[in-house]
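The values are calculated or read from the model by the stated rules, or taken from the named source; none is laboratory data. Here the structure is a predicted model, which means the values were calculated and not measured. We place every Cβ from the backbone using ideal geometry, glycine too, and count neighbours over all the protein chains shown. Heads up: the accessible areas ignore ligands, DNA and RNA and are worked out on the full protein's heavy atoms, side chains in. Shrake-Rupley method; radii C 1.70, N 1.55, O 1.52, S 1.80 Å.
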Amino acid sequence: MTDTFARLAQVLEERKQAAPDSSYVASLYHKGLNKILEKVGEESVETILAAKDAATSGQYDDVIYETADLWFHSLIMLSALGQHPQAVLDELDRRFGLSGHAEKAARAQP
């Protein structure tokens, strides 16, 4: 699974140097972080709506498709901020085996 993230991260990094009209990702980088964040928000809403529909219909194709869009745009956001998806995977690994309640309580500490 991480191989896919690594490959995507490499392509996203390459697109930072590309002309805006050469690819969708390059055009997002050119438009700036606010546009990228707008897309992350849009994809979040679409994912939520697809999940609600899937819960009712039992059809999961749309929720998978929208989740892929959300993850993709989140990776673009991370890349725009100079972060690699491995940092998120490392954070998930760090949390593995921790109680969600304990992890949340630890974040609340001043």
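Under a plain spin-label model, where a point goes 7 Å from the Cα along Cα-to-Cβ, how far apart in nm are ALA105 and TYR65?
4.4 nm
More than 18 angstrom separation, counting every C-alpha pair in region 25-90; what % is that? Kindly include the intermediate steps, with their values, before the conclusion.
Details: 927 of 2145 pairs.
Considering region 25-90, 43 percent of its Cα-Cα pairs are separated by more than 18 Å.
With a/c under 1.5 counting as rounded, go ahead and sort region 63-105 into rounded, prolate or oblate using the C-alpha gyration tensor (a ≥ b ≥ c being the square roots of the eigenvalues; past the cut-off, prolate if a/b is larger than b/c, else oblate).
oblate
Calculate what fraction, in whole %, of the accessible area of region 1-82 sits on carbon and sulfur atoms when a 1.4 Å probe is rolled over the protein chains. Walk me through the numbers before you get to the answer.
Details: 3020 of 5310 Å².
Ligands and nucleic acids excluded, carbon and sulfur reach 57 percent.
In Å², what does the accessible area per residue of the chain work out to with a 1.4 Å probe?
Here the residues of the chain average 71 Å² of exposed surface.
In the neighborhood of THR2, defined by Cβ-to-Cβ distances under 13 Å, what is the net charge if each Lys or Arg adds +1 and each Asp or Glu adds -1?
On the way: positive: ARG7; negative: ASP3, ASP90, ASP93.
Here the charged neighbours net out to -2.
At q = 0.09, 0.13 Å⁻¹, what log₁₀ I(q)/I(0) does a Debye calculation on the Cα points of the chain give, no solvent, two decimals?
Log10 I(q)/I(0), no solvent term: -0.32, -0.64.
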